[in-house]
Amino acid sequence: METQTQFFRDTWAEINLDNLYENVTNIRKHIPQDVRMFAVVKANAYGHGDVQTALTALEAGAHGVAVAFLDEALSLRKAGIQSPILVLGATRPKDVKMAAEQQISLTTFSQEWLVEAEKQLTKEDSLHLHIKCDTGMGRIGVRTIKELKEIEKCIATHSSFELEGIFTHYATADELNDAYLEQQLKVFEEMLQSLDELPPYIHSSNSAATLRKPNTYFNAVRVGISMYGLSPSAEVKPELPFPLRPVFSLHSRLISTKELSAGEKISYGATYETGEKEWIGTIPIGYADGWLRRLQGQHVIVNSKRAPIVGRICMDQCMISLPDPLTPGSKVTLIGKQGQEEITMDEIAQKLDTINYEIPCIISTRVPRIYLRNGEPTEVSNKLLSSNIDAENRNPQIP
Ligand code: PMH
């Protein structure tokens, strides 16, 4: 595939929107029709590109999108996303006016916050709120029924607030042992029972719970990692109800190749020494792109064969020991498939001793993202934007 003309560097990530669409479609088929799906597109859609991900997920049947911060929500609105948007994290009370104006739903978990937020609003405003319950994650949320009731009352007595939802988040949904999840679920159900009236949206499931635990659905789910075609953990991977298609792949091209004789040194510290005659290739990606120094020794795929990264990874470049004599310009795949070979996100995560979630997030914005639709590079098109509106119309029951 030819790279696009908007960037001038031979390293790029491909975001396969066809696979994203298929993952969302399969998730939608897996859950009952009346359960709404929020596509979690925080952190630039886990590094995949928030606008393109949001539009594709909405087109495939997601009801709305969820982000971590108000800034992320505002940037999606600015890009023309018209669906419901929920901010899952904390927002400063002084910033709530903007959320009300842009019809962005916020998360609340303290009465003091409501008192401060109310000062920013007028009678004409309607700020949509979801109450976050901390049922055992220990992050944010109300922990007692007493606090919850105070918040419910405070929202009900102020006309500028509208209680739109209530939710919680599981700490161990990606583990096969469900004991702690069931304990959290029980606490959440007790909290729900204490309410005078249930709000329109009740949600608790992340990807792992959405794929494995129908008893956590209530009437909405919040799906991130599985939409991107990645398993929430190695433990639940054998249990997934349908195959997930990876969305993110990472590629580069050889910018220099040379045949070196035995005993030549490679990169900072001169830590690698060629054993015998060896072809060495250089690719323009380094730790400033999120291709961290600890990936030294990791394989890439070139000429459809695996080849190791040799010597220290530099800020903008690294070297590989080539399997064949190759000329500059050959494609190098760092994550994804080339020929019969594949390097998965999970392989890179394992090499870095972390989880797959972290990898696309740390591939820096210096690496351009190319969006593929029907196998071809695509811009955010008017067609996609109009289907964003269609997705809204398919959901006439939006409160
Ligand atoms: N809901 C909330 C509140 C979340 O924080 C996340 C992910 C999701 C839903 C989606 O989870 P999934 O990607 O497993 O489907 N949050 C995080 C996090 O804070 N760190 O890693 C994932």
Would you work out which of T327, G61, N23 lies farthest towards the positive end of the dipole of the chain? Charges go on Cβ: Lys and Arg +1, Asp and Glu -1.
T327
Cα Rg, Dmax (largest Cα-Cα span) when computed across the chain, Å
23.7, 80
How far is the Cα center of segment 1-63 from the Cα center of segment 104-118, in Å?
31 Å
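Assuming 0.36 nm per residue, please report the length gained on full extension of the stretch Q82 to I140 beyond their Cα-Cα distance.
Values: separation 58, 0.36 × 58 = 20.88 nm, distance 2.73 nm.
Once the chain is fully extended between Q82 and I140, it gains 18.1 nm.
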For K149 paired with R366, estimate the spin-label separation in nm (one decimal), with each label point 7 Å from Cα along the Cα-to-Cβ line.
5.7 nm
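Between F7 and E124, what length in nm is gained on full extension when 0.36 nm per residue of separation is reduced by their alpha carbon distance? Don't jump to the answer; show the numbers that get you there.
Numbers: separation 117, 0.36 × 117 = 42.12 nm, distance 4.60 nm.
Stretched out fully, the F7 to E124 stretch lengthens by 37.5 nm.
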To the nearest 0.05, how large is the calculated FRET efficiency for D95 and S304 if R₀ is 51 Å and r is the Cβ-Cβ distance?
0.50
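So if each residue of separation counts as 0.36 nm, and I subtract the Cα-Cα distance between E342 and E235, what length gain in nm does that give? Let's see the in-between values first.
Details: separation 107, 0.36 × 107 = 38.52 nm, distance 2.09 nm.
The E342-E235 span can extend by a further 36.4 nm.
Summing +1 for each Lys or Arg and -1 for each Asp or Glu, what net charge is found among the other residues whose Cβ lies under 12 Å from the Cβ of I283? Don't skip to the answer; put the middle values down first.
Numbers: positive: R9, R253, K331; negative: D10, D289, D316.
For residues surrounding I283, the net value is 0.
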Of I343, A307, L254, which is farthest towards the positive pole of segment 248-356's charge dipole, taken about the Cα centre with +1 and -1 on the beta-carbons of Lys, Arg and Asp, Glu respectively?
L254
In nanometres, what is the gap between the two model label sites at K331 and K265, each 7 Å from Cα along Cα-to-Cβ?
3.7 nm
Give the lysines whose C-alpha is closer than 29 Å to that of K277, dropping any in the same chain fewer than 8 places away, or say none.
K258, K265, K305, K331, K337, K351
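Using R₀ = 35 Å, calculate the FRET efficiency as 1/(1 + (r/R₀)^6) where r is the Cβ-Cβ separation of M315 and E379; round to 0.05.
0.70
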Isotropically averaged projected area of segment 61-174, using the convex hull of Cα atoms (one quarter of hull area), nm²:
7.7 nm²
What spacing in nm lies between the two simple spin-label points modelled at T25 and E273, each 7 Å away from Cα in the Cβ direction?
5.7 nm
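With charges set only on the Cβ (+1 for Lys and Arg, -1 for Asp and Glu), what does the dipole of segment 248-356 come to about its Cα centre, in debye to the nearest 20?
Numbers: 12 positive and 13 negative charges, 28 e Å.
Computed about the Cα centre, the dipole is about 140 debye.
Bear in mind that the values in this text are calculations on the coordinates, not laboratory data. The shown structure was predicted, so the numbers you read here are calculated from the model rather than taken from an experiment. Counting neighbours? That spans all protein chains shown, and the Cβs are built from the backbone with ideal geometry, glycine included.
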